[in-house]
1. Kirkwood Rh, the range 20-127, all Cα pairs: how many Å?
2. Which order do the peptides 21-27, 83-89 come out in when sorted by mean C-beta neighbours inside 10 angstrom, highest first?
3. So between Thr12 and Asp49, what do we pick up on full extension, going 0.36 nm a residue minus the alpha carbon distance?
4. Please work out whether the range 44-92 counts as rounded, prolate or oblate from its C-alpha gyration tensor, where a ≥ b ≥ c are the square roots of the eigenvalues and a/c under 1.5 means rounded, while otherwise a/b larger than b/c means prolate and anything else oblate?
5. Net charge near Leu128: determine it from the other residues with C-beta under 12 Å of the C-beta of Leu128, scoring Lys and Arg +1 and Asp and Glu -1.
6. Tabulate in residue order the Karplus-calculated ³J(HN,Hα) for the range 72-85, using 6.51 cos²θ - 1.76 cosθ + 1.60 with θ = phi - 60°, rounded to whole Hz; enter x for Gly and Pro.
7. What whole-number value in cubic angstrom gives the convex hull volume per residue for the C-alpha atoms of the chain?
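Rule-based calculations on the coordinates, nothing more; no lab input. On a predicted model such as this, the values are computed, not experimentally measured, just so you know. In this analysis, Cβ positions are derived from the backbone assuming ideal geometry, glycine residues included, and neighbour counts consider all displayed protein chains.
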Amino acid sequence: MSDAFDVLRSATRARVALGRAGDGLPTGRLLEFRAAHAAARDAVHSPLDVARVTSDLAATGLDVLAVASAAPDRATYLQRPDLGRRLAEGTELPGGEHDLALVVADGLSPRAVEEHAAGTVAAVLERLAGWSVAPLVVATQARVALGDPVGEALGARIVVVLIGERPGLSSADSLGLYLTFGPRTGRADSERNCISNVRPPHGLGYAQAADTLAGLLLASRELGASGVVLKDEGMALPPGAG
């Protein structure tokens, strides 16, 4: 039976007008909430299937490298965010001169990476004809800032980290894209640009996210900076532009 909240429910994944059973929620709604909470917890604690992600990314034709942060395991990673921002001791990456490095990082939702990273990377590369792209890097126990030493080691002018975002109760598989010009250890969060909630069909689609990112990348290269000085002003490009 429809009610006045149906239009709002159709426009959002948020929980709206759940109803009442006495002083509490109806049993069905309560079970839905508990299932969503369990999915969010599982998304955080489940390990990234590196072999699957590497295989999916190999379809781009680029080399795919695997690295790990200084956090030795998932529990340490969750308790010590600082270790997730540093490469494991002894990590070696091939240096070069590249316009762009793409780092696929598990973050707080490896599930998001497994489901959406390959599609997003493919869409981004389609829009960057003529750009020199470093080997793709898959990083485990990684925070956003791990892209800084990775991009620096690869010799990239710009790094984009595709990372699993912190799960919510309506989105356990959201992928975020973080752009940093001139990656090097010590960059501040204010020097990055973020495109969040990439997770079709309920969030941004791959093409829409790639259009926005391509526009930001071109503007960042022209400006020589990223972060608060770089604004997204609808500078999305059609496929193949650049």
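1. For the range 20-127, inverting the mean 1/r across all distinct Cα pairs yields 16.7 Å.
2. 83-89, 21-27
3. 10.3 nm
4. oblate
5. Neighbour charge sum, excluding Leu128 itself: -1.
6. x, 7, 5, 4, 5, 4, 6, 8, 10, x, 4, 5, x, 9
7. Normalising the Cα hull of the chain by residue number yields 151 Å³.
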